[in-house]
Each structure stands twice: as structure tokens, then as C-alpha cells.
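The values are calculated or read from the model by the stated rules, or taken from the named source; none is laboratory data. Bear in mind that the values here come from a model prediction, so they are computed numbers and not experimental data. Using ideal geometry, Cβ is built from the backbone for each residue, glycine included, and neighbour counts are taken over all protein chains shown.
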Amino acid sequence: MRQQPRRPEESTSVNSLAIAAITAKTMTLPDGIDGHQVRVGCDVLAIQDVADSVATFGDRYLRKVFTSGEIDDCQGHYFHGLAARFAAKEAVIKAFADPDMPFPLREIEITRDGPLPRLRLSGSVAERARRQGWLSSSVSLSHADCHAMAVVVVICKQGAR
């Protein structure tokens, strides 16, 4: 009778355990880098939701959610740009990981540094970021025909809350 080959997870030899570890293709990474914590927030939004809000509430909606700089930056891709910036604001809120905190959306602003989006915080949101030890951030915006998305990565002091 022919013996079935043993699967790596059933073997006790060192080589078999190494093969099992390699084929598992998993690893746990630290939640920080060089003594700093990394926080990530992301959001996806239907562009039509922003278009509907502008159609329903007009300037009132725009003035409540966006700064004049953000509105100006969106000329040419108006609803796509606004939706991507709204997604970025939601991504920032998720990076704070503080659901009870109020978030005045105009205090979370997406500006431009040449072609790159940049995050600018002001007021109570900026103060909360200081208390949480936020040191730097990176923002990525994207959109397709029907959806916009944003990812925000924040580097914080280790142990900051």
C-alpha cells in the first residue's frame, strides 16, 4: 500500500515547518514605525450623493461642508472633486478613531501642494490632532465615473491617544 505524502502542517520536521510558514504567506506587522503609530482612514462615496446634496441644498450645503479653496480646486471636475474631498474628510474622521468627537467638516480641509492633495486641520479638529500626537499625514484621492474614494495615513507619536 502506497503511503500518502504528509501535508506540511502534519509534519514535525524543521524543514516541513519552514515550508508551511512560507506557503502560509502570512505575517503580523507592527502597528508602528520607528517608534511612531500609524493610523489609516478610508472612505468611498457615490458621486451622485454629493450632486444630489448640491441640487437639494445648494450653497448652504457647500458652505457647511467645504472651504472656498476646496470648491475652487474642484473646477473642471466639480462633483467628482467635491465627492473625493468629502470622502477624505470622512477618512480623516475614521483615522481619529473617536466616534463621540464632533467634527466640523470645514475644519478638515483638503488643499493642494502642486498636484498632490494635502490635509489641513483647523480649530477643534487641529487641537484634537495635537492631543492625539499627529505628526504628519498623507492623502490619496481618486474617482471613477460613479464613485470617489480617499485614503488618509497619519503618523502619530507612539502611545498618543
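Give the range 90-125 a look and list any residue that's farther than 20 Å from residue 43 by Cα and not in a loop (DSSP other than H, G, I, E, B), or say none. Within the range 90-125, 113, 123, 124 qualify. Of the listed requirements (1) buried (at least 17 other Cβ atoms within 10 Å of the Cβ); (2) under 16 Å from the mean Cα position of the chain (by Cα); (3) of a type outside the set (Ser, Thr, Tyr); (4) more than 23 Å from residue 59 (Cβ to Cβ), residue 116 misses just one: (1).
What are the residues in the range 135-161 that are over 23 Å from residue 81 (Cβ atoms) and in contact (Cβ under 8 Å) with a residue 60 or more places away in the chain, if any? Even if it seems obvious, please write down each step before you answer.
We begin by selecting, within the range 135-161, every residue over 23 Å from residue 81 (Cβ atoms); these are 135-136, 155-161.
Selection gives 135, 155, 156, 157, 158, 159, 160.
Selection of the range 48-94 for residues being touching a strand residue (DSSP E or B) at 6+ places or on another chain (Cβ under 7 Å) and among the charged types (D, E, K, R) yields 70, 73, 85, 89, 90, 94. Among the conditions (1) modelled with pLDDT of 90 or more; (2) β-branched (Val, Ile, Thr); (3) within 20 Å of the chain's Cα centre (by Cα), the only one that residue 33 does not satisfy is (1). Here residue 82 clears all of (1) buried (at least 21 other Cβ atoms within 10 Å of the Cβ); (2) of a type outside the set (D, E, K, R); (3) touching a residue at least 40 places away in the same chain (Cβ under 8 Å) except the condition numbered (3). Only one entry of 52, 59, 73, 43 meets the criterion of being exposed (fewer than 11 other Cβ atoms within 10 Å of the Cβ), charged (D, E, K, R) and either at pLDDT 90 or above or touching a Pro at 6+ places or on another chain (Cβ under 6 Å) (or both), and that entry is 59.
Among the residues of the range 126-148, those that are outside any loop (DSSP other than H, G, I, E, B) and of a type outside the set (A, V, I, L, M, F, W, C) comprise 127, 128, 130, 131, 136, 137, 138, 140, 142, 143, 147.
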